[in-house]
Each structure stands twice: as structure tokens, then as C-alpha cells.
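These notes concern the structure reproduced below.
The values are calculated or read from the model by the stated rules, or taken from the named source; none is laboratory data. As the structure is a prediction and not an experimental result, all values here were calculated from the model. Every residue, glycine as well, gets a Cβ built from its backbone with ideal geometry; the counts of neighbours run over all protein chains shown. With ligands, DNA and RNA removed, areas are computed over all heavy atoms of the protein, side chains included. Shrake-Rupley method; radii C 1.70, N 1.55, O 1.52, S 1.80 Å.
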Amino acid sequence: MQQPLSSGHGASLPNSSTAPGRHQQVPSKAPLRSTAGHCDFITYQNSYQVPVQNIIRPVCPTSLDNTQGSGQTYSTLSMDSSLIAPRGPNMITATPVQSFVDTSQQASYITEHYPSQVPYIVPSQSTTQVLSTHSASINHAYPGFSYQPTSVFNTQHNAPLNLQNLHFATSQPLFNAMSCQTKILPKSEQEHPPASFQPYHAGNTGTSWQPLARTSVKKPAGFTTKPVALSSTARSDMSAGFPFSMPHQIKPSYSPSMTNVAKPPVSVAPLAQWLPPSTERLTSATASPASASKACSVDLFLIIKLIQHQVPCHQLQMMRMKQPSSKVNHLSSSMKGLFFQNKQQAEARKQINLLQERNILPPVPIQCPQSNLSPELRNLNCSPDLFRCTLMNVPQTQALLNKVKLPFGLLLHPFRDLTHLPVITSSTIVRCQSCRTYINPFVSFFDQRRWKCNLCYRVNDVPEEFMYNPLTHSYGEPHKRPEVQTATVEFIASSDYMLRPPQPAVYLFVFDVSHNAMESGYLNICCQSLLENVDKLPGDSRTKIGFITFDNTLHFFNLQEGLSQPQMLIVSEIEDIFIPTPDSLMVNLHESKELVKDLLKMLPAMFTGTRETNSALGPALQAAFKLMSTTGGRISVFQTQRPSIGVGQLFSREDPKQQSTIKGLQHLGPATDFYKKFALDCSSQQVAVDLFLLSGQYCDLASLACMSKYSAGSVFYYPSFHHIHNPTQVEKFQKDLKRYLIRKIGFEAVLRIRCTKGLSIHTFHGNFFVRSTDLLSLANINPDSGFAVQISIEESLSESSVVCFQAALLYTSSKGERRIRVHTLSLPVVNSVAAVYTGADVQAITCLLATMAVDRSISSSLSDARDALVNAVVDSLSAYRSTISNLQKSVLVAPNSLRLFALYILALLKQEAFGTGLSIRLDERVFSMCEMKTRPFVHLILMIHPHLYRIDHLSDEGSITVGDKTIPQPPIIQLSAENLSQDGAFLMDCFSVMYLWIGKNCTNSFSNEVLGFSNWDSVPQNLDRLPELNTLLSRRVTSFVSWLQDSRPFLSILRVVKDDAPFKANFFQRFVEDRAEFALSYYEFLLHIQQHISK
């Protein structure tokens, strides 16, 4: 049975009966500790309290996983970096540590963390423990391990390491950035063979949504501005293809940052170890002018080393005669890369005077900041569009994190549609025997038979099957397997990851057919869309479908195969719901497809002219749960008014007087717990509930949204929907519904996030149900949902040079396959305040603060949430100011990485979720908060801070080529009305809506060539689309707008704005840098921040 949450979704769980101190020894889980009294904003403890709604702060439960069945205690082998340490150059010792975890058997796929093929011993905690049965023979010198003390072998030559195998700059063995990892040096001019794996296409993901392609950048003649955000390491995005060509070994051009290079003592090794490990030598007889020039660069490097380390000069000639010829160019390229990296770091550390440098918005989209990792590791890292950290350089201690006053967390988009995704079918999925981490590019191979986990540091054996490389059809190259060549992979799971056969795709549609619903005309549009896309619903031959309609009674539909037409069954008793014919209401879609289509054609006419105004939504949901509880699946609810009868009845709580103020604003939380309890029941049976609310009146979305919030569903809101009076909303509903019906879907999913020992996850944000300290239950997973977590540093990371995070999503595909999608992120550990600020990702920080502020608004008040957001800026800039000496009080300085922090927070304060002074309806404010919680960060940051472009003079300068189309790339403009011009046309992209503002003096050529009207006066106010005209400017504008539309999953409404247009006020309130009636301008906000810092 499911563990009840009596005090809300964010409530603390009961304490465990297991010894609390032993839980922290499990490296794969967050250290368990009481969180009572802790704050959401770790560094803003005066502003934040423990939230109640939609936030999980896990504490040790009765059992760490779901409490279904009896618990068991098993022993694991836990190791930290201090337990695996080099003993001399070629010896490694290890010490086992026993830890105990209390787990329980669950009726869902919790075996993603502890699959059944791993045997466990169940020891008594009061007796001496022995190792697990799956361990090999115990070595007395190294207890707990089956391997013998041995040399670390160079896997290329199968010989112990010698001086020629040492790194030329550090005198260390040629390991990866991870400690104790031997790497193979690549052969010259050797290319990896073509992949034999076929990239897995993400499936039918809709008609228009594709990732933003950035290829074939055209640089015009004389173009001197900074290029469009190109990575210095030519990083391959995960959506661009399967990067099998990325080597897992360190390249000869690897050159670590000089600040991290250990100076080799001259007395230990000769200077020859500084040279690149190349076998070709330079002779004066064969040296070409080019090679001689390259050799000079090596001489310069050696002279620097001579000066630094006081090397005797007589060794220089010996080294000069041993220099490589054709391979020496890698040194100069390495130095260039190092110079470019240092230049980027210097740029990131630059101080910005915010009060003087106000035009700080770059003209191109902001990219994720680069970490201090080596280029090789950065190239192997997970795409920032999938897995992103607020701090790309991780502080070494919690004290250092508290000093910089920045939130530490992760933003995830785990099920994002990818153009290419490596899918691996193997009978053996290699995982760490201790923490169950999946093998990934950041593990360390000691030799071909052993690898070290990058999270708990346990040494594991390489399975025999893993020795075979399916790409090269060769044996003995485990480091070239696809699992360790890319940070995002998907495994086809075996039966060990199943507790029951994979469920079929099951869809149940629940329609409101009351008078208000039929007047809005939504049912006709919905049934027509279903008719057009019923063959595209994700699924296989087992797919099931069913329908329920309701007003003051419930209507079921018998669609059993063999009937000549659908039969409607009416249940008028809504106090005690029962299912009239359970076996014939959920039918096989392929067997009953004709009956389904007949019903969809008949349904809109069946309730035309109804006068029933009541809505029995609660009883309809109860009936839907009874139909779906045996199989699991998805319930799609379409509602047009506030539920008025039966269980779940809601009353109006909106006060029109509070629409323009935040003082005393109430009712952001649910009025009843019926919808939350219903969602938790659904989650326990692997059922997710999606809500479509189409209404022009108050419906108490704060209460209704709980059915989706706690069942991992989605909320769609269309205010003032009407099929005649609001055609723009009709078009958006049609496009959104089509995307919703045919997009990829995963059933009965669980998401587990693991992190390096010393880190712990303490708070989750998103739509889910939590099952244990690090396991989220997702009845459904879709490619348009994002999640966020907060991280704390429990132990010092001084023994680690990097930390890693891994998100593993176990789900059932619509085809009935059990799959595991794994994302791995590696970040460096730093011990200085400057390095932490350098790696601060201001966009990720803003998005994380937005989700935290939503929870603060619900648990406390909206004014407290606004104050906490302001305090976040004050605290971070004040902490940075304290690191600078001799700074005047009148100066407001920020690091370059946080130069947009104040601007983003001001934009966030002016959003519908947190805004004041605007006439914002309560349902609209609540929906904006739902968007903040569930949107992926690449979409959320655009909602917070829109992009403004001038489009009346588009050209091919700086354009990109996507397919056979040329896409212009106009620069991004500051969000201030002073940048508008009456003789121009400007496009504002707010993600869900686009505004095309046309100045009164805009040229007639733009109106004629782009809009199809002779002049500005003839352009209608209700224009909501751009015509495709056979003119050059029209093709440029439409291609640019279409490119923006294709970058998002759902349709963005286009509104043309003139001086007399009804949407003019909505357009101008998006200029976040300007002063509004009840909101500060950007400059005033900076003065406000400076005043608080100076106190």
C-alpha cells in the first residue's frame, strides 16, 4: 500500500527504523537528514520557509523506497576517494565499507535502482558482516576485492607505465581527468570506423517542432561583429547526431589549465617527460621549414619550463634532439586552445558596473557558460538543453557555496525529443555494483577488465559481453563502446527491470457536455481533431481507448466489437458511482476503430441544445479511475466551467478587487483536497491526468490543477475560448491538441537522479509523486515537461577534481518496450569564489529561483516570494562586492556571468505569476505559476525575458541555412520602448505569443510586401497570421517566424499590434526595462538593489 502523505505533497515522511547514521554511507542516495525547519532558499533563510505545495523535501521514510511489502536490509560496498588511492606509481589499494539500506518491494518499476539480478545478503545489524555472494574470492592484501596488487598497464602496449607514458606537463600517468584512469593514446591519422548502430529516431513528434538548426552560418564580407555563440570546442549537440567519433581517450593535444598543472620535480623525472608522447623524431637532415617552425614553439615551451623549474641547461640540447616532427603541431594547437580558454575565463571574470553599463544584453542568444573541464571532457558532456546546472564550477564545500550566495541545483529535460538518440540493445546493462550508476563516458578504466564508478568510486569488473564493440566488431575495446562515448543513451531494458508485463497504451477521454461547453464549440473541434489523428495515436496492436461525457449525469459508451453502432449508457446516480459494463467501455482501438470513428462523428450533435448547466466533474473522475486502475494509462479531461455538483464541488473564491494587488492575495492553493487525493490514487495505479480548461469565467484552477500536479500530468488553459468570437484561441487549441495526441509518450515511468558522494538532493520541483529520497514516480512522461532539483553539499569535495550527476528515466514506450534513458553530466570542483562566479549560469539560476518562488507563493504569500527574489539579487551581488577591495559605495558591480541577473529577476517580478499593478485574473496567475513549474528551461527563460527583433530590414547577413531555406538572424534588442521606431516593424517573441508591432510611419513597401496591404491604415487590427507572398522580404520574414515557431512544441499565437490595437497594452507591458504604473524600471531597480547592499 502506498504511504499516505497526510500533510501535503511537500510533507516530511516518517522516520526510518533503521539506524539513521548508516544511511549516509550509501553513495547513490542523498544523505538522509531531517529537513524540518530548513529553508527552500538555502542562502536566503530569512525569506523562505518550507513549502507545502508541489515540492518534495524527502526525509527518511519507513523504507527508502515505496512501502509496499516487507522491507529487507542488504549490505553494499561503499567507497570514497580516500579508500582508493595510489600506492606508489603502479599500486592501488582499496578498503571496503559496509552500509545498510532498508528497502521494500514495490508494485511498480522501482527495480530501476535495484534490479532483481543483483543478489543481496540480508545480514543482522548486530553481527559481523560478510561480503555479498557476487563478490569474487577475497584477497587478504585488499579485502573486499577479487583483484591482486598489480601494475597499471598501458593498454596500448600492454606494458607497465614508464616515463614515456607520463603526461608531459604533470609527470603523472596518462589518466583522464578522473583519478586513476589509464587512457589509450590515439594512433596518428586514425579515424573511428562508422557506427553500426542505427540512430533511433524520436518518432512522430508533431508536424512542426524541430530543434533550432544552426548550420552553414554565412559570414558576410566585412562582418566584424562577434560570431553567433559558437563553442570554442565545436561541441556536438545531442540532437545533431550520434557522436561516435568522439574518442574516449585523451588526445595528444590535451593541455590542462596552467593553474591546475602540478610542477614536476626535476629530481624525480627528466625533462623529456614534458614532451608530447610521440614516436617520430626530428632530425636536422629531414627538417622542413614548417617543421622547424613548429620545433621552435617546442623550444619556447621548454625554455619556459627551464625558467620555472631551474633545469640545468645541459639537458636542453638532449631534449632538442628528441623532439617530434610531424606530431609537434599538437602542442601549438594545445597552447592556442589554452589561450582561448583563459581568454574566455578572463572575460567571464570581468567586473561590470551595472549603473554605467546598462546596454548589457548581447545581440545573440546566451549560451550555457563553459566549465573548467578539459575540452575532451566538455565534448563528452551531456547537452545543456537536457541537463543543466546552475553552477558549472561546483564549490568544494558548503561554506564556499554559502559565501557566494547562489542557488545550487539542476534543471532537467529528460524526455526531450531528439533527432538522433543512441539506442542500445544488450543482455547486459553495465552498472556499478554499489550505487547502481550506469556506465558512462566519465568512468575510469584501470585496464580492459576493471572500471571505477565516477559517483561512488567503487571498482567493478567489466562483463565479458561488454568487451565486444558492436561498432567496430572488435574485441577488447570496452572504452569505445557507445555507452562510454556519449553522455545520453537509451537502453532496451530486460525483464529484470519489470515487475509485470509492460502495459499497453490506454487513453480515456472525459468530455464536459454541459450547456457552457456546447456553447463554446470546443467539442466539435476536439472530435474533429481526434478523427484526423486517431491513426497516429502512439501505441501498438494492444492500444485501448474509451470515452466518458458528463453534465449533471455520466454517460458511458459501449464500443465493443460486433455492435452496429455505439451504445450510450447513462448513470444518473452520482453519489455512488458504478461502472455499468466494465468489459466493453475500454476497447481495443484497432478492433473497434470504426465504432470509435462513428462515435466521434455523432458526439457533438448528441448534446446540441442541452440546457443542463451543472457539471459533475468529481463523479466523472471517480468513474474514470475505476476504468483505468487495472491497466494504467492517460486520462484527458476537458472542462469548461467550475464543478458545481457532486464530490469535488467548488465555489467562487476570486475577488475582483484583488486582481491588481498582491496584498492579501489568497486562494493560490487548492480549496479542497479531493483532486489531490484523486491524483495520488491515480499515480499509485500508473494513471496520469491531463487537464484542458477552456473557459472565460473563474474555474478555480488552483484546485483543479492538483489532478495533474500530483499525477505527473499537464495543464492546458485557454481563457475566453469560443469557436466564433476568438478564432486565435481556436487555432491554438487545434494545433496544441494535435501535438498532444501524437507526441511521444512514456508510461509507468520512474526518474532517479544520482550524484557524486558528498552531494545530496534535498528538494524536487515539477509534476510528480515522490517514492523515495531520490526516486520520482511519473505515471506518464512526455517530451514537453521539465524538472528541477536543489542540491546541497554534505561533505567536502576536496578529494575530488570533478563531480557527476546522472539522471536515469525508466519507462514503458507506447510500443510496449521497457526502456532506460540515461543522461550524465560532469562538472569540475573549484575552491575559489572567483571560479564559482565564473561558472554561474544566470539563466539556469533564474529558472530555478522561479520554481522556488512559486512554491513560496503557495506556502506563504506572493509578497514574500517577491521579496525573496529581490533578496536573491541583493545577497549575490553583496557577496560578490565583499570579494573586491577599495570599492566605492556608489558603485554597483557584478561579475560578467551575473550581469543579467538583476534584469532577469526584474522581468520575473513583472510576469503574470508574480506581477502587481496589473489586472490579472486568479486563474491566469495560477496557470502562469504552473508554467513556471513544468516548462523546460529553454522555454521558460524566453517566457521570462522575451526576445525583440527588428524585421523590416532583414537581410542574409549572418543568416543560417536550414535544409534548403536561408534563415535571417537579426540581432536581439533591449526590451525598452525607446528602442522602437515609428518607421520600423518589430517582432517580440514571448514563447506562447508573438507580437508584431508596426510603426505608424512604417514604409508602405513592408505593408505591401509582407502583410499584403497597401499601407499602414489598411492593415486590420485582428490580423493573426502572415501571408506567404512572392517577395524577397516576405520570404525572409516568414522563414524567420516559421523558424522560431518550429523551435517549440506548441503554437505561438501571432498578434499584429498597431497604435489603436486592443493588444497594445499587453505588448508594452513586456518591456521589462521600462517603468510601469506599479513597477520599477530597470535603472530604478538597480538603485533599489544598491540601496539594500549599502545598508
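Once fully extended, how much extra length lies between Glu464 and Ser955, figured as 0.36 nm per residue of separation less the alpha-carbon to alpha-carbon distance? Show your work: numbers first, answer last.
Numbers: separation 491, 0.36 × 491 = 176.76 nm, distance 5.80 nm.
Full extension of this stretch gives 171.0 nm more.
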Net charge (Lys, Arg +1; Asp, Glu -1) of residues whose beta-carbon lies under 13 Å from that of Pro970, Pro970 excluded, is -2
Taking a label point 7 Å from the Cα of Lys350 along Cα-to-Cβ, the residues of segment 880-917 whose backbone nitrogen sits under 14 Å from it are 894-900
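Students often get this wrong, so check it: of Lys544/Lys676; Lys403/Lys757; Lys732/Lys933; Lys601/Lys815; Lys350/Lys889, which have C-alpha atoms separated by over 24 Å?
Details: Lys544/Lys676 26 Å; Lys403/Lys757 22 Å; Lys732/Lys933 22 Å; Lys601/Lys815 28 Å; Lys350/Lys889 19 Å.
As for pairs spanning more than 24 Å Cα to Cα, those are Lys544/Lys676; Lys601/Lys815.
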Area accessible to solvent at Lys1064, 1.4 Å probe radius, in Å²: 70 Å²
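If packing is taken as the mean number of other Cβ atoms within 10 Å per residue, what is the order of 364-373, 902-911, highest first? It would help to have the intermediate numbers written out before the result.
Numbers: 364-373: 19.0, 902-911: 23.5.
In decreasing order of mean packing, 364-373, 902-911 become 902-911, 364-373.
Provide the FRET efficiency to the nearest 0.05 for the Lys597-Phe651 pair, computing r from the beta carbons and using R0 = 45 Å.
Numbers: r = 40 Å, r/R0 = 0.88.
It comes to 0.70.
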Testing the spin-label approximation: label points 7 Å from Cα along Cα→Cβ at Ser541 and Glu817. State their distance in nm. 1.8 nm
Between Phe557 and residues 5 or more places away or on another chain, which pairs have amide H atoms under 5 Å apart, with H built 1.01 Å from N, and which residues are they? Phe547, Leu569
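Rounded to the nearest percent, how much of the accessible area of segment 560-702 (1.4 Å probe, protein heavy atoms only) is carbon and sulfur? Could the numbers behind the result be given before it?
Values: 2880 of 6170 Å².
Heavy-atom surface of segment 560-702 belonging to carbon and sulfur, 1.4 Å probe: 47 percent.
Return the carbon/sulfur percentage of the accessible area of segment 379-491, one whole number, probe 1.4 Å, all protein chains in place.
Numbers: 1310 of 2550 Å².
Solvent-exposed carbon and sulfur of segment 379-491 make up 51 percent of the total.
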How would you order 415-424, 1052-1061 from highest to lowest mean count of nearby Cβ atoms within 10 Å? 415-424, 1052-1061
Could you give each residue of segment 410-415 its phi-based ³J(HN,Hα) in whole Hz, using Karplus coefficients 6.51, -1.76, 1.60 with θ = phi - 60°, and x for Gly or Pro? 10, 10, 10, 10, x, 10
For segment 447-492, what does the accessible surface come to per residue with a 1.4 Å probe? Please give it in Å². 28 Å²
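Which order, highest average first, do 597-605, 885-893, 404-412 follow once you tally other Cβ atoms within 10 Å for each residue and take the mean per peptide?
Values: 597-605: 16.9, 885-893: 11.0, 404-412: 24.0.
Top to bottom by mean Cβ count within 10 Å: 404-412, 597-605, 885-893.
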For segment 818-862, give the percent of accessible area contributed by carbon and sulfur heavy atoms, probe 1.4 Å, rounded to a whole number. 41 percent
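If Thr425, Thr1003, Thr631, Thr846 are ordered by their accessible area, calculated over protein heavy atoms with a 1.4 Å probe, which sequence runs from highest to lowest? Present the calculation step by step, with values, prior to reporting the outcome.
Details: Thr425 110, Thr1003 65, Thr631 30, Thr846 0 Å².
From most accessible down to least: Thr425, Thr1003, Thr631, Thr846.
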In nanometres, the difference between 0.36 nm per residue of separation and the alpha-carbon distance of Ser572 and Glu477 is 27.4 nm
What does the accessible area per residue of segment 503-593 come to in Å², with a 1.4 Å probe and no ligands, DNA or RNA counted? 38 Å²
Less than 13 Å from a label point 7 Å out along the Cα-to-Cβ axis of Ser878: which backbone N atoms in segment 1060-1095 qualify, by residue? 1089-1095
Between Asp1060 and Ser1094, how high is the FRET efficiency from 1/(1 + (r/R0)^6) when r is the Cβ-Cβ distance and R₀ = 45 Å? Nearest 0.05. 0.50
Computed lengthening from Gln1021 to Ser629, 0.36 nm per intervening residue step minus Cα-Cα distance: 136.1 nm
Log10 I(q)/I(0) at q = 0.11 Å⁻¹ for segment 835-965, from Debye over equal alpha-carbon scatterers, is -0.52
